[in-house]
Amino acid sequence: MKKLGLIGGVGPESTIPYYRGIVNGVKDRVGKPYLPPLTIESLSCFEVIRMSGEGDTAGLTAYLLAGIRNLAAAGAEVGALACNTGHLVFDELQKASPIPLVSIVEAACAEAVRRGYKKIGLMGTAATMEADFFKAPFRKAGIEVVTPGAEERAYIADRILNELEMGLVREETAAHILKIMERMAKEQQIEAVVLGCTELPLLFEGRTVPLPLLDTMQIHIDALIDAVMEE
């Protein structure tokens, strides 16, 4: 069993289900009581969102890379960022990282290919929706990625930063974002929505959604379990 190093705190509300999902998922696959070796380096989602929003890719790379090096120093053999936005600089991190990294974007793309999707919607932070880093692997795989309109993107990004990252899950926010999904399904003919922020699934627990969701957090958790259990 390889030791996993996870960059958490980006944000904390998703780090908790990441931890729970990984340890329980490994235990289920092992088939007996077991806890995998795991270290979490907690960074700040607010710094990640600020630097990505400002286009400070050098600062973001240095910030995340310092955390990854701490994980390697703690004995981690494989690493990951428990967020989508940080993947804005994933290529740079992968090149400089002392340990291999498992990409949430590549894992989500592989799942979309497995499901046979050709056109999907993407929701996340402003950087995730507006930059090309998330869309590029999907485009290469023959999948079109569309985003909400400008006002809708601003609304989603604001609610992520000022509600979900604070642990606030509001009924009116969930209802509004569900309406955005319904509009995209009707007007843009998307087949599914990628929840490209690891806090977004909090909004839809126990709710009926108008079309399939690609939960990047759960997809990433499954990929990380695969990675640590590889011989």
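The values are calculated or read from the model by the stated rules, or taken from the named source; none is laboratory data. Bear in mind that the values here come from a model prediction, so they are computed numbers and not experimental data. FYI the Cβ positions are ideal-geometry reconstructions off the backbone, even for glycines, and counts take in every protein chain you see.
Observations on the structure shown:
- Residues that are more than 22 Å from Thr128 (Cα to Cα) and of a type in the set (Val, Ile, Thr), drawn from segment 194-209: Thr208
- Take the conditions (1) without any contact (Cβ under 8 Å) to a residue 40 or more places away in the chain; (2) crowded, with 20+ Cβ neighbours inside 10 Å; (3) touching a Gly at 6+ places or on another chain (Cβ under 7 Å); Ile68 misses just one of them, which is (1).
- Any hit, segment 163-181, residues being in contact (Cβ under 8 Å) with a residue 60 or more places away in the chain, farther than 22 Å from Ser103 by Cα, of a type outside the set (D, E, K, R) and touching a helix residue (DSSP H, G or I) at 6+ places or on another chain (Cβ under 7 Å): yes
- Residues that are surrounded by fewer than 22 Cβ atoms within 10 Å (Cβ to Cβ) and in a helix (DSSP H, G or I) within segment 115-134 comprise Arg115, Ala126, Glu130, listed in sequence order.
A quick yes/no check of all residues on (1) small (Gly, Ala, Ser); (2) touching a residue at least 40 places away in the same chain (Cβ under 8 Å); (3) out of contact with any Cys (no Cβ under 9 Å at 6 or more places or on another chain); (4) surrounded by fewer than 14 Cβ atoms within 10 Å (Cβ to Cβ):
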position	(1), (2), (3), (4)
Arg20	no, no, yes, yes
Glu41	no, no, yes, no
Met51	no, no, yes, no
Gly55	yes, no, yes, yes
Ala58	yes, no, yes, yes
Ala72	yes, yes, yes, no
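- Segment 75-119, residues that are among the acidic types (Asp, Glu), touching a strand residue (DSSP E or B) at 6+ places or on another chain (Cβ under 9 Å) and closer than 30 Å to Ile190 by Cα: Glu111
- First in segment 124-150 and assigned by TED's automatic domain parsing to the domain that holds Leu161, second anywhere and outside any helix (DSSP H, G or I) and acidic (Asp, Glu), Cβ under 8 Å, 6 or more apart: Phe138/Glu144
- Only listed residue being more than 13 Å from the chain's Cα centre (by Cα) and closer than 15 Å to Ile219 by Cβ, chosen from Val113, Val89, Val102: Val113
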